[in-house]
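Each remark here refers to the structure printed beneath this line.
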Amino acid sequence: MENLSVDANPTKDFFISMLTRDIPLDRAILDLIDNSVDAANTLNKDDLNGKEIKITLDESGFKIEDNCGGFDVETARLYAFRFGRDSKSERLTPNSVGQFGVGMKRTLFKLGNNFTVRSVFPNGAFELTVDVQDWLSSESEKWEFQLQSIEKPNDANGTYIEVSNLFDSVKEQFVDNEFLRCFKEEVAIAYFKRINQGLKIYINGDEVDLFDIKVRQSDELSIISLEDTFNNVSIKVKVGVGEQDLHKGGWYIVCNGRLVESSEQSTKTLWGTNSIPKYHDRFAFFRGVVEFESEDSSKLPWTTTKTGVDLDNRVYRYANKLMISAIEPIIKFLNQREAERKQAAENRLEEEETVLALAIRNAESISIYQADCEQEQFIRPDKIEARAAKYGSISYQVEIDKLTKVKEVTGAKSASEAGKITFDNYFDYEC
């Protein structure tokens, strides 16, 4: 039998349809911001002052531009515009957020029918313009674009991307005020660490608000900081006590500077397991940050959309041990604070004796990144021993007609008042 080859190459239409289908619009745009942030980090990842990313989106089109260094022709030809990453090639951007080599292309195809990418870098500049429908209908089976060198402008090195002829579904969201509000909030949270390092991001001319994780610190109340390395991934765990807020409490997980889990309060971060109690208002003071850093971003414990943690990742499972060690003394402290609150309500402690509550209230609220992070042990005041209870409760039921008669005779206005009067009467005459 004659051996015949079978064409198994995917069609362009099918590949693009599958590539863009399962990622929400806001998440797709974050992939473009990731590229700008990665470029800025190659210049100085600890100080991003002066670096800016400007995003414009409305029904007429989409633009994103930055002054973060740009990328050269070789990077464009061999990496930036390839569909996927060659596992044999060297990683071009150490400690990057981009991982799979699909983010920029996926976003451009998801937004509209025409796009232009222009990059200005130290040694030159290039521009690439694509009409998606022409590219899809081309008889050529080659998956390639054409870029051209252009005269380098005088402005700062950076990248400019514009998408026009937007799809109707994209236009509808770009003029939706609720979508814009949520998108701005999502950007603020996702890049909170980079914004804290000086990066500025603008959306339709408005600067993205600074999102921060606040903890309280003083001479008698500290945070805990633990560090370790596993499989060439640096792991840093910082935990402390902040304001009591059900929505802000929990764990924050950061991978190469990108926040992938915010105020996480489920079993994904061990709440409600054998190791840590279930999250509730008693623990709403807790703030914990777990940071993973690696030159090889494929080792980081995040999902492909960078919107969650990969529970099966070996590095994350290893980090769970550090998380448990760090949170245990905080849980003990907050349990004792709750007991202290109840004892104060029972008049077994005076206000000035509620030392745990006072320690939280009197400590300064600061960014967790500004706090003293050298402390592996939790500094906290010792709880004052409560006095024996002065009061007890009596609770019992009687027939309604009898209770009504007693209230009439005693003049009591409630069942509890009637009970107090009859108890005092019995005590005075029988005891």
Item to check | FRET E, pair GLU399, LYS420, Förster distance 22 Å, beta-carbon r, rounded to 0.05 | outcome: 0.70
Item to check | Average projected area [Cα convex hull, the chain], square nanometres | outcome: 34.9 nm²
Checklist entry - Around GLY112, which amide H atoms from residues at least 5 apart in sequence, or from another chain, sit under 5 Å from its own amide H, with H modelled in the peptide plane? => result PHE167
Checklist outcome for this item: Exposure proxy check on SER297, SER169: fewest-to-most Cβ neighbours within 10 Å is SER169, SER297
Checklist entry - Extension gain GLN336-ASP168, at 0.36 nm per residue separation less the Cα-Cα distance, in nm? => result 54.9 nm
Next on the checklist: In Å and on Cα atoms, what radius of gyration and Dmax does region 214-367 show?
Outcome noted: 16.7, 58
Next on the checklist: Could you derive backbone 3J(HN,Hα) for region 295-308 from the dihedral phi with the Karplus parameters 6.51, -1.76 and 1.60 (θ = phi - 60°), listing whole Hz in sequence and x where the residue is Gly or Pro?
Outcome noted: 4, 9, 5, 5, 8, 6, x, 10, 7, 5, 8, 6, 10, x
Item to check | Using θ = phi - 60° and Karplus 6.51 cos²θ - 1.76 cosθ + 1.60, couplings along region 287-292 (whole Hz; Gly, Pro as x) | outcome: 10, x, 10, 10, 10, 10
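Per the helix-only calculation at 222 nm, which mean residue ellipticity applies to the chain, given -39500 (n - 2.57) for every DSSP H run of n ≥ 4 and division by its residues, nearest 500 deg cm²/dmol?
Mean residue ellipticity at 222 nm (helix-derived): -10000 deg cm²/dmol.
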Item to check | Nonlocal amide H pairs with TYR279, under 5 Å, H built at 1.01 Å | outcome: GLY272
Checklist entry - Residue by residue, what Karplus-based ³J(HN,Hα) values in Hz, rounded to whole numbers, does region 219-235 have, using 6.51, -1.76 and 1.60 with θ = phi - 60° and x for Gly and Pro? => result 5, 10, 9, 10, 9, 10, 10, 10, 9, 7, 9, 9, 6, 6, 10, 7, 10
Item to check | C-alpha center-to-center spacing [region 346-364, region 276-334] in angstrom | outcome: 30 Å
Checklist entry - Given the C-alpha centroids of region 403-431 and region 230-262, what is the distance between them in whole angstrom? => result 57 Å
Checklist entry - How long is the gain from VAL409 to ASN347 if the chain were fully straight, where each residue apart is worth 0.36 nm and the alpha carbon distance is subtracted? => result 19.1 nm
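The numbers here are math on the coordinates, done by the rules we state, and not lab data. Source: prediction; values computed, not measured. Here the Cβ is made from the backbone with ideal geometry for all residues, glycine too, and neighbour counts use every protein chain on show.
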